[in-house]
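Remarks on the structure that follows.
The values are calculated or read from the model by the stated rules, or taken from the named source; none is laboratory data. Source: prediction; values computed, not measured. Here the Cβ positions follow ideal geometry from the backbone for every residue, glycine too, while neighbour counts run over all protein chains shown. With ligands, DNA and RNA removed, areas are computed over all heavy atoms of the protein, side chains included. Shrake-Rupley method; radii C 1.70, N 1.55, O 1.52, S 1.80 Å.
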Amino acid sequence: MAVKILGVDDSAVMRKIIEMTFAGENAEVVTVSSGAEAVERAKAMQPDVVLADASMNAMDGYEVSRAIKAGGSNAAVIVM
């Protein structure tokens, strides 16, 4: 079973790096560009791991982590 990874970063370059990093692994990688989008996507996909940018506009990685955890997710959230 593939590990589900959700990456959230407002930088297109960083989203591409996340995708490339796990391209050769047994992982399903989805990336989004905003914290709000990450919270919605996390509800739908139930990721195993969330990689979140610490400094984004509107909703930073720490707020993303709190929102995802408040929704009952057991995902490991790594704030980068």
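Brief remarks follow.
- Condition check for residue 21: of a type in the set (Val, Ile, Thr) and open to solvent by 40 Å² or more (accessible area, probe 1.4 Å): yes
- Count of residues meeting criterion [of a type in the set (Asp, Glu) and in a helix (DSSP H, G or I)] in region 44-53: 0
- Matching residues, region 7-43, being over 20 Å from residue 62 (Cα atoms) and either assigned to a strand (DSSP E or B) or charged (D, E, K, R) (or both): 16, 19, 25, 27, 28, 29
- Selected residue (criterion: most open to solvent (accessible area, probe 1.4 Å)) from residues of region 65-80 that are within 21 Å of residue 2 (Cβ to Cβ) and not in a loop (DSSP other than H, G, I, E, B): 78
- Among residues of region 24-64 being of a type in the set (S, T, N, Q) and under 16 Å from residue 10 (Cβ atoms), the one that is surrounded by the fewest Cβ atoms within 10 Å (Cβ to Cβ) is 57.
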